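A.B. asks: Below: one structure in structure tokens.
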Amino acid sequence: MDTISELEARLAIATESLQKADERATAGRLALEVMHEIRGPLEALGNLIYLTERNADNPPEVGKYMELADEQMALVNQIANQTLAFARSSQSPHPIDLVGIAEAALRIHQTTIAAKKVHLVKDMPDGLVATVCTGQILQVMSNVIVNALDALPVDGTLSLRMRKRDNEVQFVIADNGHGIPKEHTLEIFKPFFTTKEGTGTGLGLALSKNIVDRHKGKIRVRSSIRPGKSGTTFKISLPA
């Protein structure tokens, strides 16, 4: 029979494997959204090339189309550079502006945000740097955002706020969804606990807490189910 220490070791290995699998899934969703985001500029470039060829004997028109093409290329390069920055620093701690990670997390769920007509309220000043494993913190932010989106009705509001407080960066994600009953708020960070019947695995927030703990940070939740004042707020604090 396994001892308690052996069982704990096996649980730690299983948790790490689940975390890596979830991180790969998050990276995959980001890649899909990046491809979707790049498709627009690429289609615009194709149209501009066509117009340039059709107006080859009209230098002013050609110049105008080339300026527009340069703008589209700059947009593609910006998206590609941001994505590469995450890939290069995803596994080892690296100083990075957390706003960029938050924007990437929003990009992952852009389709859902658009479909639900979610109102985004962002207050995230640049320059809030922390030394983190980028891919893991992206996973945390994505997990919290997807929970908020699941709780939100159509035309709901998702707020993201980031601040520097003493020696830490605080990232607050709030929604005006249906809220979490008080008896569940102490359970949501436990593995396999879920209120999403048939769809949730109960691992997202548990893995998120594990990642934040390993970064020597904290993740807290506050929620209300009061009619007209319902909603949930997550606060993630990371050393800076």
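A.B. asks: Taking into account only those residues within region 104-121 that are at pLDDT 90 or above and charged (D, E, K, R), which is surrounded by the fewest Cβ atoms within 10 Å (Cβ to Cβ)?
C.D. replies: Here the residue is Lys117.
A.B. asks: Still on this structure: Give, as residue ranges, the helices (runs of 4 or more DSSP H) completely inside region 110-185 that count at least 2 residues that are farther than 17 Å from Arg220 by Cα and touching a helix residue (DSSP H, G or I) at 6+ places or on another chain (Cβ under 8 Å). Working first, answer last.
C.D. replies: Numbers: elements: 110-115, 134-151, 182-185.
Counting at least 2 such residues, we get 110-115, 134-151.
The values are calculated or read from the model by the stated rules, or taken from the named source; none is laboratory data. These figures come from a predicted structure and were not determined experimentally. We place every Cβ from the backbone using ideal geometry, glycine too, and count neighbours over all the protein chains shown.
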